[in-house]
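Novice: Have a look at this one before I ask anything.
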Amino acid sequence: MKYFIGNWKMFGVPKSVSILNKINSYYSKDKNRNKYRVIITPPYTLIESYSKYFKNKKISIGAQNCYQKEQFSSNTAAISPFMLRSVGAKYTLIGHSDNRFEGDTDLMLKDKVKYALNNNLKVVFCIGENKTEKNNKKTLSVLKRQLTKVLEKKFNKNNIIVAYEPIWSIGTGKIPTVNELKKTTIYIKKILKQIYKKNSPGVLYGGSVDGSNVEMFKEIREIDGFLIGGASKTSKKFIDIIRNYYR
Ligand code: PEP
């Protein structure tokens, strides 16, 4: 099963649901639809209404982050996994580089993953090196640290997906070469196998994916799907990615 996950970031108002409607109609008619899932992570403000709207449809709704406490607390503006689940979220991103920049530590991320899983959310755990780390050939050691500091053996691996998003690639139009990405994906899978043995979590790629470069990723059969930022905000761009991937 492949995943096409659209991360809307700070984008969207109630009427933006029309974008998802178009994606949903494409998906419903696509002859390849049994091969993949579509998940959209709108901002918190839209999770409840979109989850209700897409309840019996093909698209699943997720959150972009969650707070590192399980249920209720006195943290102003915080939203817990329990609260997300109660309004219909099925997934949550955790560890997006935007949130790591804002101060999310490995310890916080571990709690987020733990509490999200406790509340039956599927976790899309984001990892990735920055430009300096890449230039200093530290990519693999950074990824290993990010994975092993947070993902515990006792976590429910069936509800975890890892998204590899090199920070230098997010929103820049720059993407890794096929060789680079293949090597990195295989390495991530190797680390996951060390933690989880058989049937370890799938690995997605994220960073400037669009309808024209997605065909190049087809060659890398180790990739289990894509986390898509910019190109998920219009139905045409998002559908082009799926269409060209299966062409
Ligand atoms: C992202 O922010 O998760 C992302 C992949 O963004 P973009 O596709 O715009 O690079």
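Novice: So how far, in whole Å, is the C-alpha centre of segment 24-61 from the one of segment 186-247?
Specialist: A separation of 17 Å, based on Cα centres.
Novice: Summing Lys, Arg as +1 and Asp, Glu as -1, what charge do residues with Cβ under 14 Å from the Cβ of K15 carry, K15 excluded?
Specialist: Working: positive: K22, K233; negative: none.
Computed value for this residue: +2.
Novice: About the Cα centre of the chain, what is the dipole size in debye to 20, counting +1 per Lys and Arg Cβ and -1 per Asp and Glu Cβ, all else neutral?
Specialist: Working: 46 positive and 19 negative charges, 183 e Å.
The dipole magnitude comes to about 880 debye.
Novice: With both bridge residues required to lie in the chain, what share of the DSSP beta bridges run antiparallel, to the nearest 5%? Don't skip to the answer; put the middle values down first.
Specialist: Values: 0 of 29 bridges.
For the chain, the DSSP antiparallel bridge percentage is about 0.
Novice: To continue, here is another question. Provide, for q = 0.13, 0.14 Å⁻¹, the log10 of I(q)/I(0) from a solvent-free Debye sum over equal Cα point scatterers in the chain.
Specialist: One equal scatterer on each Cα of the chain leads to -0.77, -0.90.
Novice: Taking the mean number of other Cβ atoms within 10 Å as a proxy for protection, how do you rank 152-160, 119-127, 47-55 from highest to lowest? Can you show the working numbers first?
Specialist: Values: 152-160: 14.1, 119-127: 23.1, 47-55: 17.4.
Highest-to-lowest ranking by the protection proxy: 119-127, 47-55, 152-160.
Novice: Over the residues of segment 71-189, compute the C-alpha Rg and express it relative to 2.2 N^0.38 Å.
Specialist: Working: Rg = 15.2 Å, N = 119, 2.2 N^0.38 = 13.5 Å.
Ratio of Rg to 2.2 N^0.38 Å for segment 71-189: 1.12.
Novice: What is the extension gain from S16 to K2, computed as 0.36 nm multiplied by their sequence separation minus the C-alpha to C-alpha distance, in nm to one decimal? Can you show the working numbers first?
Specialist: Numbers: separation 14, 0.36 × 14 = 5.04 nm, distance 2.49 nm.
Full extension from S16 to K2 adds 2.5 nm.
Novice: Taking the Cα centre of segment 1-48 as origin, work out the dipole magnitude from +1 charges on Lys and Arg Cβ and -1 charges on Asp and Glu Cβ, in debye rounded to 20.
Specialist: Details: 9 positive and 2 negative charges, 60 e Å.
It works out to roughly 280 debye.
Novice: Tell me, what is the per residue accessible area of the chain in Å², probe radius 1.4 Å? List each step's numbers first, then the result.
Specialist: Numbers: 12070 Å² over 247 residues.
About 49 Å² of surface per residue is accessible.
Novice: Assuming 0.36 nm per residue, please report the length gained on full extension of the stretch E219 to K197 beyond their Cα-Cα distance.
Specialist: On the way: separation 22, 0.36 × 22 = 7.92 nm, distance 2.52 nm.
Residue separation times 0.36 nm, minus the Cα-Cα distance, leaves 5.4 nm.
Novice: Let me ask something else about it. Read phi for every residue in segment 26-35 and hand back ³J(HN,Hα) as whole Hz from Karplus 6.51 cos²θ - 1.76 cosθ + 1.60, θ = phi - 60°, with x for Gly and Pro.
Specialist: Whole-Hz 3J(HN,Hα) from phi for segment 26-35: 4, 4, 4, 9, 6, 5, 8, 4, 6, 8.
Novice: Next up: Quick one: if you stick a label point 7 Å off each Cα along the C-beta vector at S25 and K154, how many nm between them?
Specialist: My value for the distance between the label points is 5.0 nm.
Novice: Using the 2.2 N^0.38 Å rule of thumb for compact globular proteins, work out how segment 164-247 stacks up: its C-alpha Rg over that value, please. Walk me through the intermediate numbers first.
Specialist: Values: Rg = 13.1 Å, N = 84, 2.2 N^0.38 = 11.8 Å.
Segment 164-247 yields a ratio of 1.11.
Novice: Something else about it: Quickly work out the K137-to-K174 label distance, labels modelled 7 Å from Cα along the C-beta direction, and quote it in nm with one decimal.
Specialist: Result: 1.9 nm between the two label points.
Novice: Working from the alpha-carbon coordinates of segment 138-202, get Rg over Rh, Rh being the Kirkwood radius.
Specialist: Checking Rg against Rh, the ratio lands at 0.99.
Novice: Sort V178, V203 by accessible area with a 1.4 Å probe, largest first. Don't skip to the end; give the middle numbers.
Specialist: Details: V178 30, V203 0 Å².
Result of the area sort, largest leading: V178, V203.
Novice: Can you pull the percent of the chain's accessible area that's carbon plus sulfur, 1.4 Å probe, other chains left in place?
Specialist: Working: 6150 of 12070 Å².
About 51 percent, which is the carbon plus sulfur part of the accessible surface.
Novice: Hey, quick one: spin label on L107, modelled 7 Å out along Cα-Cβ, who in segment 128-149 has an amide N within reach, i.e. under 19 Å?
Specialist: 145-149
Novice: How many percent of the alpha carbon pairs in segment 44-110 exceed a separation of 18 Å? Can you show the working numbers first?
Specialist: Working: 886 of 2211 pairs.
Percentage above 18 Å: 40.
Novice: Continuing with this model, one more query. When only Cα pairs under 8 Å and 6 or more residues apart are kept, what is the percent relative contact order across segment 92-134? It would help to have the intermediate numbers written out before the result.
Specialist: Values: 32 pairs, mean separation 24.5, N = 43.
Reported relative contact order: 57 percent.
The values are calculated or read from the model by the stated rules, or taken from the named source; none is laboratory data. The structure displayed is predicted, hence computed values, not measured ones. Because the Cβ atoms are built from the backbone with ideal geometry, glycine has one as well, and the counts that use them run over all protein chains shown. For accessibility, only protein heavy atoms count, side chains too; no ligands or nucleic acids. Shrake-Rupley method; radii C 1.70, N 1.55, O 1.52, S 1.80 Å.
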